[in-house]
Each structure stands twice: as structure tokens, then as C-alpha cells.
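*Asks:* Shown below is the structure under consideration.
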Amino acid sequence: MSQMYSDKVMDHFANPRNVGELEDANAVGEVGNAKCGDIMKMYMKIEDGVIEDVKFKTYGCGAAVATSSMATEMVKGKTVEEALALTNRAVADALDGLPPVKMHCSVLAEEAIKAALTDYYTRQGIDPEPIVGCNMDCDHCHHEH
């Protein structure tokens, strides 16, 4: 496994950050990729537009765990706007790259963040689509990231 993956990927896989659930989360998103069987669930506690805390649970391969872990690290303490701007490419780059066959894991991490933020806006009675964009109903949406 280590030939394909950077040291950072291995570190986040072996010692993932921010694992678990947030009891007082006010933003929860779950995304999955049926083809590879990866499922990510992200919990956020957002106060005054800032992501105060974030946790995740991922069922999937090492790259899925690593990208979830890195993504939570990258949005923790950031504003909702900053989190929305986080791309899967930025997550992969922060991990010193991913093998092409595993890039979909970073896409899933980006989608999990967007799904949680969609939930956050929906709970506040705000239409998330103009803010978040794609509603992450991926079965009905085949645009490229």
C-alpha cells in the first residue's frame, strides 16, 4: 500500500483526525459512492458562520479515511464560505497527492463538506442551492468536478 500513497496519506489513514460524531452538530451531511462502496458522514458545529468543530465517520478504503481526515482539518476553524471554496484538488494536494484511481475519494470529501453545509442552510430555512450549488444528488447529476 505504501508505494502508492504519500507519507501524509499514510499518516492520516493510520491516525485520522476528528473521527466520531458531534452530539450538538447543526450540520450533518452524508455522501456515498455506490460503485466503490465508500460512505462519508460529516458533522459540523457552526457558530456565527464559523465551523467551530467538525467530526467524520467514513466507511471505505484508506484513501477515503485519509481524505476525510485532511478535509476536516482544512475546514476546522474556517468560515462557511472558506469551507465551500475547498476543492477536492486542494485536499489531494494537502495530502501530497493521491493515485489517479483514488481521486474520487477526495471528491467524496468535498461533497461531504457541501452536503453538511447544505443541511446547515436547510435547517435555517435558507435555500442552499444558490450558496452551495450542486445539491449532491449525484445519481441525477453527472457533471465533472
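The values are calculated or read from the model by the stated rules, or taken from the named source; none is laboratory data. This one's a predicted model, so the numbers in the text were calculated from it and none came from an experiment. Glycine also receives a Cβ, built like all others from the backbone with ideal geometry; neighbour counts cover every protein chain displayed. Protein only, heavy atoms only, side chains kept; ligands, DNA and RNA dropped before computing areas. Shrake-Rupley method; radii C 1.70, N 1.55, O 1.52, S 1.80 Å.
*Asks:* Identify all residues within the stretch 44-61 that are part of a loop (DSSP other than H, G, I, E, B) and of a type outside the set (Asp, Glu); write none if there are none.
*Replies:* Gly49, Gly60, Cys61 - these are the residues of the stretch 44-61 that are part of a loop (DSSP other than H, G, I, E, B) and of a type outside the set (Asp, Glu).
Yes/no per residue for (1) surrounded by fewer than 16 Cβ atoms within 10 Å (Cβ to Cβ); (2) at pLDDT 95 or above; (3) in contact with a strand residue (DSSP E or B) (Cβ under 9 Å, 6 or more places away or on another chain); (4) of a type in the set (Ser, Thr, Tyr):
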position: Ser68; (1), (2), (3), (4): no, yes, yes, yes
position: Ala71; (1), (2), (3), (4): no, yes, yes, no
position: Gly77; (1), (2), (3), (4): yes, yes, yes, no
position: Val80; (1), (2), (3), (4): no, yes, yes, no
position: Asp93; (1), (2), (3), (4): yes, yes, no, no
position: Asp96; (1), (2), (3), (4): yes, yes, no, no
position: Val101; (1), (2), (3), (4): yes, no, no, no
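*Asks:* Something else now. Does the stretch 87-125 hold any residues that are acidic (Asp, Glu) and in contact (Cβ under 8 Å) with a residue 60 or more places away in the chain, and which are they? Full working, then the answer.
*Replies:* So in the stretch 87-125, the residues acidic (Asp, Glu) come out as 93, 96, 110-111, 119.
Correct list: Asp96, Glu111, Asp119.
*Asks:* Could you list, in sequence order, the residues of the stretch 6-43 that are closer than 14 Å to Ala64 by Cβ, part of a loop (DSSP other than H, G, I, E, B) and either at pLDDT below 95 or open to solvent by 70 Å² or more (accessible area, probe 1.4 Å) (or both)?
*Replies:* Answer for the stretch 6-43, where residues must be closer than 14 Å to Ala64 by Cβ, part of a loop (DSSP other than H, G, I, E, B) and either at pLDDT below 95 or open to solvent by 70 Å² or more (accessible area, probe 1.4 Å) (or both): Ala34, Lys35, Cys36, Gly37.
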